[in-house]
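S.K.: One structure, pasted below without further comment.
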Amino acid sequence: MFSDIIDKIKEYDSIIIGRHIGVDPDALCSQLALRDSIKLTYPNKEVLAIGTGSNKFTHFGRLDKNKKINNSLIIVLDTPDKRRVDSVDFSLGAFSIKIDHHPFVEKYCDIELVDDSKSSTCEIIIDMIFNSDLVCNDSIAQLLFMGLVSDSNRFLFNSCSSSTFSLVGKLLDHYHVDISSAYEKLYLRPLSEVRLEGFISLNMKVTKNGLGYIVIKNDDIIRFGVDSASAGNMINNFNYIKEVLVWVTISEDIKNKLYRISIRSRGPAINVVAERHNGGGHKMASGVRVDSLDKAMSLINDLDNELSEYNNLEVK
């Protein structure tokens, strides 16, 4: 399928690259890396990486201003369903491609490369670069390494395979990747977030079924001097609490009039539950956005019921 995608990239003079709302490092790094690789390979093409940015990730690279360009090739990365695509106007596209590593939700592009066995969308892009004419350089390799490291949680998830390590090894053999700098960009954080993490640890509620959750209200966000995305950014810091199998942060976002919910699991698959509440993601890592605390607590109840069923099956 890589050859079909490359043929379409060659065919179009203008290319728009998008990804999901609520940007994370894998989505952003794969987007910027693919843009830069296409531009390096085909200098005469206009290639735009678009979407809403985040102050937390500005040091990764700059997104482009969204322009209305008719008859473009649209490439959407890291996004399983159309309603979660950020800023892309599909009416401008003459052809569309999806490249994603989430479990399949729906078909919304003409060509769809979906491989949920991969650690990250960055891993798929690395594979495509090494199996096509796309050009890479040190800065592109650095982006791809950071996106893969972030979405695999530093190679801790089972989504990492021998193929993952082989591709990373090949990337390091061919290009200079500053590993220390990559980890610093991904994990250096202000003292305010460390203090917020302590607040979460002290105030997390844990049900008898092993569901840990906390609601972080706007007053808490102001008190700790963080933004509404901060709690979700540190969700993986709570991976190994013995009494907790599923853990959730619910952050109030006053500006956008919603609650951001990040969910992780060490037991039952949670993406199906997230999808029932208009979210989605991976079996062990998902997210949801809702417009009321009542809806957030409905999700908590649903997750707790799922955990109860999971625990009963484990006992049997």
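S.K.: Mind listing whichever residues of the stretch 104-113 are crowded, with 17+ Cβ neighbours inside 10 Å and in contact (Cβ under 8 Å) with a residue 24 or more places away in the chain? Before you say what the answer is, go through the steps one by one.
M.R.: Taking the stretch 104-113 as the starting set, the residues that turn out to be crowded, with 17+ Cβ neighbours inside 10 Å are 105, 109, 112-113.
Once the filter is applied, which keeps residues that are crowded, with 17+ Cβ neighbours inside 10 Å and in contact (Cβ under 8 Å) with a residue 24 or more places away in the chain, the stretch 104-113 yields Val105, Cys109, Leu113.
S.K.: Here are some conditions: (1) assigned to a loop (DSSP other than H, G, I, E, B); (2) surrounded by 20 or more Cβ atoms within 10 Å (Cβ to Cβ); (3) among the small types (Gly, Ala, Ser). Ser96 meets all but one. Which one does it not meet?
M.R.: For Ser96, the failing item is (1).
S.K.: Shifting gears a bit: Quick one: which of Ser161, Ser87, Ser150 is among the polar types (S, T, N, Q), closer than 18 Å to Val47 by Cα and touching a residue at least 40 places away in the same chain (Cβ under 8 Å)?
M.R.: On the way: Ser161 fails: closer than 18 Å to Val47 by Cα; Ser150 fails: closer than 18 Å to Val47 by Cα.
Criteria check complete, one pass: Ser87.
S.K.: Look through Phe60, Phe95, Phe130 and report the one residue that is of a type in the set (Phe, Trp, Tyr), modelled with pLDDT under 95 and on the phi < 0 side of the Ramachandran plot. Before the answer, list the steps.
M.R.: Working: Phe95 fails: modelled with pLDDT under 95; Phe130 fails: modelled with pLDDT under 95.
Just one listed residue meets the conditions, Phe60.
S.K.: Could you tell me which residue of the stretch 222-235 is surrounded by the most Cβ atoms within 10 Å (Cβ to Cβ), considering only residues that are within 18 Å of the chain's Cα centre (by Cα) and outside any loop (DSSP other than H, G, I, E, B)?
M.R.: Restricting to residues being within 18 Å of the chain's Cα centre (by Cα) and outside any loop (DSSP other than H, G, I, E, B), the top hit is Ala231.
S.K.: Same structure again: Quick check: is even one residue across the stretch 213-221 touching a Leu at 6+ places or on another chain (Cβ under 9 Å) and assigned to a helix (DSSP H, G or I)?
M.R.: Yes, the stretch 213-221 contains a residue that is touching a Leu at 6+ places or on another chain (Cβ under 9 Å) and assigned to a helix (DSSP H, G or I).
S.K.: How many residues are in a helix (DSSP H, G or I) and surrounded by fewer than 22 Cβ atoms within 10 Å (Cβ to Cβ) when one looks only at the stretch 51-88?
M.R.: Result for the stretch 51-88: 8.
S.K.: Please enumerate the residues belonging to the stretch 166-175 that are of a type outside the set (D, E, K, R) and surrounded by 11 or more Cβ atoms within 10 Å (Cβ to Cβ).
M.R.: Correct list: Ser166, Leu167, Val168, Leu171, Leu172, His174, Tyr175.
S.K.: Further, regarding this structure: Consider His176 carefully, then state whether it is over 28 Å from Arg266 (Cβ atoms) and in contact (Cβ under 8 Å) with a residue 24 or more places away in the chain. Working first, answer last.
M.R.: Details: over 28 Å from Arg266 (Cβ atoms): yes; in contact (Cβ under 8 Å) with a residue 24 or more places away in the chain: yes.
Yes; evaluated as a whole, the condition is true for this residue.
S.K.: Mind checking whether some residue in the stretch 236-256 is over 24 Å from Asp151 (Cα atoms) and either of a type in the set (A, V, I, L, M, F, W, C) or in a helix (DSSP H, G or I) (or both)?
M.R.: Yes - at least one qualifying residue is present in the stretch 236-256.
S.K.: Scan the stretch 284-297 and give yes if some residue there is among the β-branched types (Val, Ile, Thr) and within 20 Å of the chain's Cα centre (by Cα), otherwise no. Spell out how you get there, then give the answer.
M.R.: Applying the first criterion (among the β-branched types (Val, Ile, Thr)) to the stretch 284-297 yields 288, 290.
So of that shortlist, the ones also within 20 Å of the chain's Cα centre (by Cα) come out as 288, 290.
Yes.
S.K.: Tell me which residues, restricted to the stretch 136-157, are within 14 Å of Leu171 (Cβ to Cβ) and in a loop (DSSP other than H, G, I, E, B). Reasoning before the result, please.
M.R.: Applying the first criterion (within 14 Å of Leu171 (Cβ to Cβ)) to the stretch 136-157 yields 136-149, 152, 155.
Scanning the stretch 136-157 gives Cys136, Asn137, Ser152, Phe155.
S.K.: Continuing with the same structure: Going by what's in this entry, would Arg289 be described as surrounded by fewer than 21 Cβ atoms within 10 Å (Cβ to Cβ) and assigned to a strand (DSSP E or B)?
M.R.: Values: surrounded by fewer than 21 Cβ atoms within 10 Å (Cβ to Cβ): yes; assigned to a strand (DSSP E or B): yes.
When the stated conditions are applied, Arg289 passes them.
S.K.: Determine the pairs where a residue that is more than 26 Å from Val244 (Cα to Cα), located within the stretch 180-209, has a partner that is part of a helix (DSSP H, G or I) and hydrophobic (A, V, I, L, M, F, W, C) with Cβ atoms under 8 Å apart, the partner being 6 or more residues away or on another chain.
M.R.: Taking only residues 6 or more apart or on different chains, the pairs are Ala182/Phe145; Ala182/Met146; Ala182/Val149; Tyr183/Val149; Lys185/Phe60; Lys185/Met146.
S.K.: Pick from Ser119, Ser91: which is polar (S, T, N, Q), farther than 16 Å from Leu34 by Cβ and in a loop (DSSP other than H, G, I, E, B)?
M.R.: Details: Ser91 fails: in a loop (DSSP other than H, G, I, E, B).
It is Ser119.
S.K.: Being among the basic types (Lys, Arg), under 23 Å from Arg83 (Cα atoms) and free of Cβ contacts under 8 Å to residues at least 40 places away in the same chain: is that true of Arg260 here?
M.R.: Against the criterion (among the basic types (Lys, Arg), under 23 Å from Arg83 (Cα atoms) and free of Cβ contacts under 8 Å to residues at least 40 places away in the same chain), Arg260 does not qualify.
S.K.: Over 22 Å from Pro80 (Cβ atoms), outside the structural domain of Lys82 (by TED's automatic domain parsing), over 23 Å from the mean Cα position of the chain (by Cα) and of a type in the set (S, T, N, Q) - does that describe any residue in the stretch 239-249?
M.R.: Scanning the stretch 239-249 turns up no residue that is over 22 Å from Pro80 (Cβ atoms), outside the structural domain of Lys82 (by TED's automatic domain parsing), over 23 Å from the mean Cα position of the chain (by Cα) and of a type in the set (S, T, N, Q).
S.K.: May I pose another question? Out of the residues in the stretch 242-278 that are of a type in the set (Val, Ile, Thr) and surrounded by fewer than 15 Cβ atoms within 10 Å (Cβ to Cβ), which is nearest to Leu293 (Cα to Cα)? First the steps, then the outcome.
M.R.: To start, the set of residues in the stretch 242-278 that are of a type in the set (Val, Ile, Thr) comprises 244, 246, 248-250, 254, 261, 263, 270, 272-273.
Within this subset, residues satisfying the condition of being surrounded by fewer than 15 Cβ atoms within 10 Å (Cβ to Cβ) are 254, 272.
Details: Ile254: 12, Val272: 20 Å.
Selected residue: Ile254.
The values are calculated or read from the model by the stated rules, or taken from the named source; none is laboratory data. These numbers come from a predicted model, not from an experiment. Please note: Cβ atoms are built from the backbone with ideal geometry, for glycine as well, and neighbour counts cover all protein chains shown.
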